[in-house]
Every structure is written in C-alpha cells, then in structure tokens.
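Below is one structure, written out as structure tokens; the observations come after it.
The values are calculated or read from the model by the stated rules, or taken from the named source; none is laboratory data. A quick note: this is a predicted structure, and the numbers were derived from the prediction, not measured. All Cβ positions, glycine included, derive from the backbone under ideal geometry; neighbour counts span all protein chains shown.
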Amino acid sequence: MRARTPASPAARSGARIEEALDALTPEQREAFVLKHIEGYSYTEMAGVLDVAVDALKMRVYRAREIVKERLQDFV
C-alpha cells in the first residue's frame, strides 16, 4: 500500500481557485474569466457576449467579491 503524498502547494492553490470559481453563476464566471484571465476589455466582452457593458461590470464586480470572500483565509 502506497502512502498518499500531499498535493503540491500549486495544486492546492489551483484547487482552491477552482472551488471559488465554481461558486459563481455561469454568467459571473464567464465575465470574470474573460476580464481577469483572458484580459478582455469591457467593450470587447460586450461584443463577444452581446451584453451591455454596465451589466458586465456588475457581473465582474460580484464575481470578484465572491472569489475574494472564498479565498479570504487562503491568501
């Protein structure tokens, strides 16, 4: 029987981030990823998603708050 090796810090970090992103609605996650991972501008996001810029700003803001809350004790 092999002893379990602990996950690397990078793997644990990735898992925590994925859990935080899973707490978002699909719309929030989509907007968050486009803005903060893909680097899209709000104007570019509006064109891709066919959603108003103001609505996207609110989705990203709410997503950021949820992610921040979920990762609060981790950072």
For the range 1-51, what are the residues that are at pLDDT below 80 and closer than 15 Å to residue 68 by Cα?
13
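When the residues of the range 42-54 are narrowed to those that are small (Gly, Ala, Ser) and either in a helix (DSSP H, G or I) or out of contact with any helix residue (DSSP H, G or I) (no Cβ under 8 Å at 6 or more places or on another chain) (or both), which ends up farthest from residue 16 (Cα to Cα)?
As a first pass, look at the range 42-54 and keep what is small (Gly, Ala, Ser): 46-47, 52.
From what's left, either in a helix (DSSP H, G or I) or out of contact with any helix residue (DSSP H, G or I) (no Cβ under 8 Å at 6 or more places or on another chain) (or both): 46-47.
Working: 46: 29, 47: 31 Å.
Among those residues, the one meeting the criterion is 47.
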Would you confirm whether any residue within the range 46-54 is touching a Phe, Trp or Tyr at 6+ places or on another chain (Cβ under 9 Å), in contact (Cβ under 8 Å) with a residue 24 or more places away in the chain and of a type in the set (A, V, I, L, M)?
no
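Yes or no, residue by residue, for (1) without any contact (Cβ under 8 Å) to a residue 24 or more places away in the chain; (2) part of a helix (DSSP H, G or I); (3) surrounded by fewer than 16 Cβ atoms within 10 Å (Cβ to Cβ); (4) in contact with a Lys or Arg (Cβ under 7 Å, 6 or more places away or on another chain):
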site	(1), (2), (3), (4)
16	no, yes, yes, no
20	no, yes, no, yes
28	no, yes, no, yes
40	yes, no, no, no
56	no, yes, no, no
59	no, yes, no, no
65	yes, yes, yes, no
Looking at (1) surrounded by 14 or more Cβ atoms within 10 Å (Cβ to Cβ); (2) part of a helix (DSSP H, G or I); (3) not charged (D, E, K, R), which is the one condition that is false for residue 24?
(2)
